[in-house]
Structures are given as C-alpha cells and as structure tokens.
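The values are calculated or read from the model by the stated rules, or taken from the named source; none is laboratory data. Worth saying up front: this structure is predicted, and the values here are computed from it rather than measured. Cβ: placed from backbone, ideal geometry, glycine included. Neighbour counts: every protein chain shown.
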Amino acid sequence: MTARPAGPGVSADASGPPRRLTRQRRVLIAALRAARRYLTARELHRRLLSKQARIGLATVYRTLDVLRHSGEVSTRLEPDGQVSYLLCRRGHHHHAVCTNCGRVDDVPCRTMPAYAKLLGHDLRFHVTGHQVEFYGLCARCS
C-alpha cells in the first residue's frame, strides 16, 4: 500500500481520494483518541456536545463510516445490537479490553501465523482471517 502525500488539512490513504480534514472530523478523531475505548455514535455525539462541539448526529455517523472504510476505526457489535467504534492504529493487531473501565489497548499480532500453521496441520483448516479480543483488567483497574 502506498501512501499519498497529504497537504495541510487533508487526510490521505491508498484506498481512496484524499479527504479534507474538516474541523468536525478533527474534533471527532480527538474525542475517539481521548476515549481509548469503544463508543457508539450516540455516546460519541453526547461527548462532543458536552464539549460544546457543534456537530450533528448524522455528521457523526457519516464521519465514522468514512473512518471505518479507511481503516482508521475498528467496529464491534454490542450486545444491544448497536455498533461501537474505536480509533485504531493501522496494521494488523488485536485488542485488550478492560472489563471494568472499558479501556482498550492494542496488542501486536505476532503469533497468529504459528496458530494458522497449527490449524492447517492438525485440523486441515485453511485460515483466511481472524478477529481476537482479550478481556480482563487494565493496570489501573487491577
């Protein structure tokens, strides 16, 4: 994947044309970065409004969709059926989720090739993808 040069106020990735980094997008990304946890669009919108950010719920949904398609946010389906969003670093990784405070830390994915080989050998199973989340207590909560 080759990165496109991005000028001031422009975000770029190889999957599409450069996108303007609007004030609303900057505010939304900053709120996701500060949260360090999965948030639904409504939770994110409430946080933004509490900080006097002038952004509509529809804009939050549209921006999250753009960020999801560009690989900048990860999503998961919550038990109540809502989708929640997490700002992620690029590249393949997993998440360690604190079951007390909700904090999410990135976990590098170094051992999965060995697991895929083991599954192929033992079960004759060809791995085409995977998704892993670890649950427990973060350093602050333990």
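On the stretch given as region 39-65, residues that are under 12 Å from the mean Cα position of the chain (by Cα) and either at positive phi or assigned to a helix (DSSP H, G or I) (or both) total 2.
Checked against the criterion of being in contact with a helix residue (DSSP H, G or I) (Cβ under 7 Å, 6 or more places away or on another chain), at negative phi and outside the structural domain of residue 34 (by TED's automatic domain parsing), the candidates 121, 126 yield just one match: 126.
With respect to the conditions (1) under 19 Å from the mean Cα position of the chain (by Cα); (2) in contact (Cβ under 8 Å) with a residue 24 or more places away in the chain, residue 109 lacks only one, and its number is (2). Listed by first and then second residue, the pairs linking a residue in region 52-81 that is of a type in the set (A, V, I, L, M, F, W, C) to a residue that is assigned to a loop (DSSP other than H, G, I, E, B), with Cβ atoms under 9 Å apart and 6 or more places separating them unless they lie on different chains, are 66/72; 73/88.
The selection criterion, being under 26 Å from residue 111 (Cα atoms) and among the hydroxyl-bearing types (Ser, Thr, Tyr), does not hold for residue 61.
Residue 100 passes every criterion in (1) part of a loop (DSSP other than H, G, I, E, B); (2) assigned by TED's automatic domain parsing to the domain that holds residue 22; (3) in contact (Cβ under 8 Å) with a residue 40 or more places away in the chain apart from (2). Going by what's in this entry, would residue 99 be described as of a type in the set (Val, Ile, Thr) and either surrounded by 13 or more Cβ atoms within 10 Å (Cβ to Cβ) or more than 18 Å from the chain's Cα centre (by Cα) (or both)? Answer is no for this residue. Reported count of residues in region 132-142, each being more than 12 Å from residue 96 (Cα to Cα) and without any contact (Cβ under 8 Å) to a residue 12 or more places away in the chain, is 1.
With the requirement that a residue be part of a loop (DSSP other than H, G, I, E, B) and either modelled with pLDDT of 95 or more or under 22 Å from residue 35 (Cβ atoms) (or both), what does region 103-123 give you? Across region 103-123, the qualifying residue is only 103.
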